[in-house]
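Values in this text are rule-based calculations from the coordinates and carry no lab data. Being a predicted model, the structure only gives us computed values, none of them experimental. FYI the Cβ positions are ideal-geometry reconstructions off the backbone, even for glycines, and counts take in every protein chain you see.
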Amino acid sequence: MNILQEYKCPCCGGAIEFDSTAQKMKCPYCSTEFDIETLQGYDDVLKTEQPDDVQWETPAGGQWQHGETENLHSYVCKSCGGEIVGDETTAATACPFCGNPVVMMGQFAGTLRPDYVIPFKLDKKAAKAALLKHYGKKRLLPGVFKDQNHIDEVKGVYVPFWMFDANADAHVRYKATKVRSWSDSNYNYTETSHYAVIRGGNIGFERVPVNGSTKMADDLMESIEPFDFSDAVNFQTAYLAGYVADKYDVDAQQSIDRANQRIKHSAEGAFLSTVQGYATVLPENSNIRISGGTAKYALLPVWLLNTTWKGQKYTFAMNGQTGKLVGDLPIDKAAATKWTVGLTAGLSVVAYGAVNLLHLFGIL
């Protein structure tokens, strides 16, 4: 059963949504604010609601082919009656006809219900401002890019993540060197000593995030980390109102390999940071045993911004909690060439100066 949930303002009847600034539900029409707890009863009421049973007999239209509608779900907006069509992972969106935010309750039934949600702290204006600031830091960005491109879409998305807890027993061996140099009246000496450095121990990991949506690139989602889990709250559908939300389509079992990779990399990095006082350090062998793994399902806030320039689409992602923004930008080839030539020329001047010094001291 597909059910749409809209949170109506009891004062004016308008559709209310979660306001990231006030951290409350807010009506955009009369500005009345509500605590999340006051709306919790909506979810309980939904369990007893039944959809209308209306049947029509008409020969119009054709038959869907087998499997053609397997991943599509159709809903009816309670405000204007418009039809909303989403895929099997769409859990929150807005009506394309009246713009009212809706939550697709059927998508969170049973085992699909998230454990936690980190509410948005930054709004759409903050996302646009972060993108403009991102432009300003790029020296090789084409000068006309900011003027000629336009933002096609700014969308707040709750992205599904698996949060893994685990213990890691690690044993790592490094090859390290120490170098000592000295001179006498005849020669310069260099002594290189080689060491086998061993580190081992246990590290506990909490809430290692793994992206649970194939719609979002793993590297893009990991680039906007970290999220501060101290802001996480128990999941309630009210937080989704006014945003887009997806349920996972990569389950916890399928995400374990990615979690293992992240835990292994982090454990190796933690032990490497303790190997100090050497000229060089190279890992030779690593053995990581992971145990006690558990996972929780969480929705994390992400702003997605799409912009187009010269027919090419550029996508940026911003952490909706911290404001960290990442994304690719075009490069001004002329400016890049000048920069490369300038760098090469600078290195040539340094090299020429060094040669002249060697001649001056009679070395060459």
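Before moving on, here are some points about what is shown:
- On the stretch given as the stretch 177-225, residues that are surrounded by fewer than 14 Cβ atoms within 10 Å (Cβ to Cβ), touching a residue at least 12 places away in the same chain (Cβ under 8 Å), of a type outside the set (D, E, K, R) and under 30 Å from Met163 (Cβ atoms) total 5.
- Condition met for Gly204 (within 30 Å of Arg113 (Cα to Cα) and over 16 Å from the mean Cα position of the chain (by Cα)): yes
- Residue check, Asn260 in contact (Cβ under 8 Å) with a residue 12 or more places away in the chain and touching a His at 6+ places or on another chain (Cβ under 6 Å): no
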